[in-house]
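Presented below is the structure to which this report refers.
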Amino acid sequence: MSTNRSWVRVRGALRPKRDASHLLVGALFALLGFGIVVQVGAADDNLATARQSDLVGILDDLSVRSDRLQAELRDLSATRDRLRSGSAGDEAALAEAERRAAVLGILAGTVAAEGPGLVVTIDGVDDAALLLDTVQELRDAGAEAIQLGDVRVVASTYFTQAPDGRVQVDGVTVDGPYEFRVIGDPRTLAAALRIPGGVLDSVRGGGGDATVVEQETVTVDALRALSAAGYAQPAP
Amino acid sequence: MIAVVGLIVGVIAGLLLQPVIPVWLQPYLPIAVVAALDAVFGAARAIVDGVFSDRVFVISFVSNVLVAALIVFLGDQLGVGAQLSTGVVVVLAMRIFANAAAIRRKLLGA
């Protein structure tokens with residue numbers, strides 16, 4: 001078996017022998033070990049010992065890599081700037097949309113509102129036409145949100161006189177005294193109600209009583225459900 | 001046996017002395033080491049084949065190192081030192097692999 005014979009030879013070679021040429025072999029191996037260790041140590045600082053052509057190659061590699069990294073850096077910076085400006089634009093658009101939603105919500109009566117305004121109380125007169133006049137007067141004077149009793153007054157609000165003489169607002173029966181809560185410039189609103197022959201005069205002429213109280217903060221918190229438009233579409 | 005002892009002695013000497021390689025030797029040492037490794041693998045194969053001779057090993061070791069150094073020297077003079085060094089290393093590495101494969105076949109039968 002040749003494998004066995006080979007192992008025997010290896011074992012024989014490992015047996016210590018003592019003659020001159022064998023010592024020479026040992027010396028060469030010592031030289032080899034020495035060389036390996038020295039070279040491994042020197043390979044650590046190989047730039048100082050590299051040939052000129054090697055150095056040129058290394059420099060070339062490095063500048064190519066540097067160029068690539070620079071290009072990548074430019075790309076990523078551009079992407080970052082684009083994302084940053086994009087998000088700023090989105091934020092501005094969102095803020096604008098929220099502002100418009102708030103304004104439209106107050107107009108449509110879907111959100112509560114508060115601000116300076118008036119509390120107008122009309123007592124002793126149960127006249128739907130008079131209440132409608134009051135609302136018109138308040139709108140003319142720049143009222144931004146109006147609430148009558150528990151009903152939010154919006155563009156489509158209507159006032160009717162029920163057969164029994166009670167007043168209905170948007171189909172909801174409201175009994176006196178009628179309390180309007182109005183947000184707007186208090187002075188303008190109050191002046192509009194007080195003009196001669198205006199709302200207050202009409203109430204008093206009808207045998208009723210009206211009070212106007214200007215307030216720093218009036219809360220209009222009656223809400224109205226938004227009904228989808230059945231026919232109207234936004235015109236392009 | 002003496003080979004292992006010599007290798008250990010050389011490694012220890014290198015670690016202890018930490019010599020600085022002279023500049024003129026720097027291009028040749030790595031090639032010389034690889035050439036010597038080739039001689040060692042050749043010797044190992046000869047042992048396995050039963051044809052090992054101290055004389056042949058010493059001569060092949062020394063001549064390998066010298067020829068390798070000569071080739072690198074010539075390459076440096078001709079301005080193709082890096083390429084020739086690479087070529088020498090490739091050839092020596094192929095021989096080492098071939099010898100290692102022969103040793104493996106003899107010892108392990110595979």
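The values are calculated or read from the model by the stated rules, or taken from the named source; none is laboratory data. Nothing here was measured: the structure is a model prediction, and the numbers come from that model. When we count neighbours, we look across all protein chains shown, and the Cβ atoms used for this are built from the backbone with ideal geometry, even at glycine.
Test of understanding: among A:L69, A:L83, A:L47, A:L62, which residue is within 14 Å of chain B (Cβ to nearest Cβ) and part of a helix (DSSP H, G or I)?
Exactly one of A:L69, A:L83, A:L47, A:L62 is within 14 Å of chain B (Cβ to nearest Cβ) and part of a helix (DSSP H, G or I), namely A:L47.
Give the number of residues within segment B:14-45 that are more than 19 Å from the chain's Cα centre (by Cα) and hydrophobic (A, V, I, L, M, F, W, C).
Total satisfying the criteria: 6.
Out of segment B:72-97, which residues are surrounded by fewer than 18 Cβ atoms within 10 Å (Cβ to Cβ) and at the interface with another protein chain (Cβ under 9 Å from one of its Cβ atoms)?
B:D76, B:G79, B:V80, B:Q83
Please verify whether segment B:62-70 includes one or more residues that are within 30 Å of A:G57 (Cα to Cα), in contact with a Leu (Cβ under 8 Å, 6 or more places away or on another chain) and among the hydrophobic types (A, V, I, L, M, F, W, C).
Within segment B:62-70, one or more residues are within 30 Å of A:G57 (Cα to Cα), in contact with a Leu (Cβ under 8 Å, 6 or more places away or on another chain) and among the hydrophobic types (A, V, I, L, M, F, W, C).
Hey, could you check segment A:14-51 for residues that are at pLDDT below 75 and polar (S, T, N, Q) and say which is surrounded by the most Cβ atoms within 10 Å (Cβ to Cβ)?
Among those that are at pLDDT below 75 and polar (S, T, N, Q), it is A:T49.
Scan segment B:72-107 for residues that are touching a residue at least 40 places away in the same chain (Cβ under 8 Å), polar (S, T, N, Q) and more than 22 Å from A:F29 (Cβ to Cβ) and report the count.
1
Is there a residue being crowded, with 21+ Cβ neighbours inside 10 Å, in contact (Cβ under 8 Å) with a residue 24 or more places away in the chain, more than 10 Å from chain A (Cβ to nearest Cβ) and more than 24 Å from A:A20 (Cβ to Cβ) anywhere in segment B:50-71?
Scanning segment B:50-71, I find at least one residue that is crowded, with 21+ Cβ neighbours inside 10 Å, in contact (Cβ under 8 Å) with a residue 24 or more places away in the chain, more than 10 Å from chain A (Cβ to nearest Cβ) and more than 24 Å from A:A20 (Cβ to Cβ), so the answer is yes.
For segment B:26-39, enumerate the residues that are of a type in the set (V, I, T) and facing another protein chain (nearest Cβ under 7 Å).
B:V33
What pairs come out if I take residues in segment B:13-25 that are facing chain A (nearest Cβ under 7 Å) and touching a residue at least 12 places away in the same chain (Cβ under 8 Å) and pair them with residues that are part of a helix (DSSP H, G or I) and of a type in the set (F, W, Y) whose C-beta lies under 6 Å away, six or more apart or interchain?
Matching pairs, first to second residue: none at all.
Taking the stated definitions as given, is A:V119 modelled with pLDDT of 90 or more, assigned by TED's automatic domain parsing to the domain that holds A:G184 and either among the β-branched types (V, I, T) or under 34 Å from the mean Cα position of the chain (by Cα) (or both)?
yes
Of all residues in segment A:137-162, which are exposed (fewer than 13 other Cβ atoms within 10 Å of the Cβ) and not in a loop (DSSP other than H, G, I, E, B)?
Result: A:D140, single match.
Being among the polar types (S, T, N, Q), surrounded by fewer than 20 Cβ atoms within 10 Å (Cβ to Cβ) and touching a Leu at 6+ places or on another chain (Cβ under 7 Å) narrows it down to one of A:T110, A:T121, so name that one.
Of A:T110, A:T121, the one residue that is among the polar types (S, T, N, Q), surrounded by fewer than 20 Cβ atoms within 10 Å (Cβ to Cβ) and touching a Leu at 6+ places or on another chain (Cβ under 7 Å) is A:T110.
Can you tell me which of A:G184, A:G165 is in contact (Cβ under 8 Å) with a residue 12 or more places away in the chain and either touching a Leu at 6+ places or on another chain (Cβ under 8 Å) or under 16 Å from A:L118 (Cα atoms) (or both)?
A:G184
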